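Note sheet for the following structure.
Quick note: the coordinates plus some simple rules give every number you see, no bench work behind them. Computed from a predicted structure; not experimentally measured. Glycine gets a Cβ as well: all are built from the backbone with ideal geometry, and neighbour counts include every protein chain shown.
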Amino acid sequence: MTNQANQGDLEIDPSLLKAFLNELHSQYKPLREGAVANYIPELAKVNPDLFSICIVTVDGQVYKVGDYEQLFTIQSISKVFAYGLALEDHGLDYVLTRVGVEPTGDAFNAIILDEQSKRPYNPMVNAGAIATTSLIKGSGPTERLNRMLDMFRGYIGRDVFVDILAFTSERSTGHRNRAMAHLMLNFGMIDRNIEEALDLYFQQCAVMVNCQDLAVMAATLANKGVNPITNKQAVDKRYIKDILSVMYTCGMYNFAGEWAYKIGLPAKSGICGGIIAVVPHKMGIGVFSPLLDVRGNSVRGVKVCEELSQRLGLHLFECQGKGENKQSDYKENAENY
Ligand code: DON
């Protein structure tokens, strides 16, 4: 446990924060709304009861509850980090010529492309993510995969690997993504071998993580690209604002507007049931619960983030001053836990 002076300006008593996470976990554990993803056969096997919440602060304090060691495939949350790697490989100006930053208001797997600007709309939807992954540098598929895995290792702070069953399961059933890649090839939006680009995209989606990893990755983005546990730079800090901006506007797909309005944090979900949310300069939040709503976002994950944001006063545009913000409500409520 740490003292408040080490918590940056979070100003929450660590024992109260731990109690709050426990309370949220008990509150939402009985919730059975939603369904697990089943369009990738391997994912349909997940236990729907799994549920964990983890917070990692920028000074490396870890708060966790539930099944936080359970491994699962990162899925769309990988898109955030692949985008960071593409930015490092090519710089913002070039990447912007290949992938836009416009929210679609459509589902993550919508087959829509911006034919005017000859780009997919943004790097968080599948089409844009496939185009982004096709930009990753390397002399061949093996080097590109190794660079991708090294990038994840930096954010996570330990060795990572691809779940071969999830990868091959998606590779043999990902006809919709394959169709998008062909369309983008047709429009000149991708100029590489699309089978190789798709393989790398399916592999990045099949990287195994746990809930604590998600929080560490989010905290790394909150901490100017430095992993707060290893203190190593995982991504060039000049790209943090670009990554967080696109997470804020596009990370939750056709729920992105309501998410920004109510929760007010850069975030990304995946059909694994994971959500990451970034509180810049303060902390990273990871939630894992595989029951999804119709937009592909974790039902419990959205509810937990909403409560965390409201009761800790984390919304980026929160205007209330210190002492009168939601954290004081939280402290009062926390006394009753
Ligand atoms: O492209 C796909 O279908 C998956 N590998 C990832 C999609 C995903 O996680 C969407 N998120 N809610």
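Express the relative contact order of the chain as a whole percentage, based on alpha carbon pairs under 8 Å and six or more residues apart in sequence.
Across the chain, relative contact order equals 24 percent.
Run the quick spin-label model on Q233 and R176: label points 7 Å from Cα toward the beta carbon, then report their separation in nm to one decimal.
About 3.9 nm separates the two model spin labels.
Compute the Cα gyration tensor for the chain, then decide on rounded, prolate or oblate, letting a ≥ b ≥ c be the square roots of its eigenvalues: rounded whenever a/c is under 1.5, prolate when a/b is larger than b/c in the other cases, and oblate in all that remain.
prolate
With a 10 Å Cβ neighbour count serving as the proxy for reagent exposure, in which order, fewest first, do M252, M184 appear?
In order of increasing Cβ crowding within 10 Å: M184, M252.
Within the chain, what is the longest stretch that has no GluC sites (Glu not before Pro) placed in a DSSP loop and near at most 13 other beta-carbon atoms within 10 Å?
It works out to 116-323.
Of K29/K262; K45/K237; K232/K262; K64/K232; K282/K303; K45/K282, which ones are farther than 30 Å apart at the Cα?
As for pairs spanning more than 30 Å Cα to Cα, those are K45/K237; K232/K262; K45/K282.
At 0.36 nm per residue, and after removing the present C-alpha to C-alpha distance, how many nm does the segment from E102 to T142 gain when stretched out fully?
Full-extension gain reported as 11.2 nm.
Counting pairs of alpha carbon atoms under 8 Å apart in space and at least six apart in sequence, what relative contact order in percent does the stretch 78-205 give?
28
Compute log10 of I(q)/I(0) for the stretch 78-205 with the Debye formula, placing one identical point scatterer on every Cα and leaving out solvent, at q = 0.11, 0.19, 0.20, 0.22 Å⁻¹, to two decimals.
-0.34, -1.05, -1.17, -1.40
Would you kindly state how much longer the chain becomes between N38 and K224 on full extension, computed as 0.36 nm times their sequence separation minus their alpha carbon distance, in nm to one decimal?
Extending this stretch completely gives an extra 63.4 nm.
How far, in nm, would the chain grow between K118 and L185 when pulled straight, counting 0.36 nm per residue and subtracting the alpha carbon separation?
Separation in residues times 0.36 nm, less the Cα-Cα distance, equals 23.0 nm.
With only Lys, Arg, Asp and Glu charged, each at its Cβ (+1 for the first two, -1 for the last two), find how big the charge dipole of the chain is about the Cα centre; round to the nearest 20 debye.
300
State, to one decimal in nm, how far the label point of A19 lies from the label point of K262, with both points 7 Å from Cα in the Cβ direction.
2.7
In what sequence do D93, D114, D49 fall when counting other Cβ within 10 Å, fewest first?
Listed from fewest to most nearby Cβ atoms, that is D93, D49, D114.
Between the stretch 55-92 and the stretch 191-263, how many Å separate their Cα centres?
6
Counting trypsin sites (Lys or Arg not before Pro) as exposed when in a DSSP loop with at most 12 other beta carbons within 10 Å, what is the longest stretch of the chain free of them?
Of all site-free stretches, the longest is 159-321.
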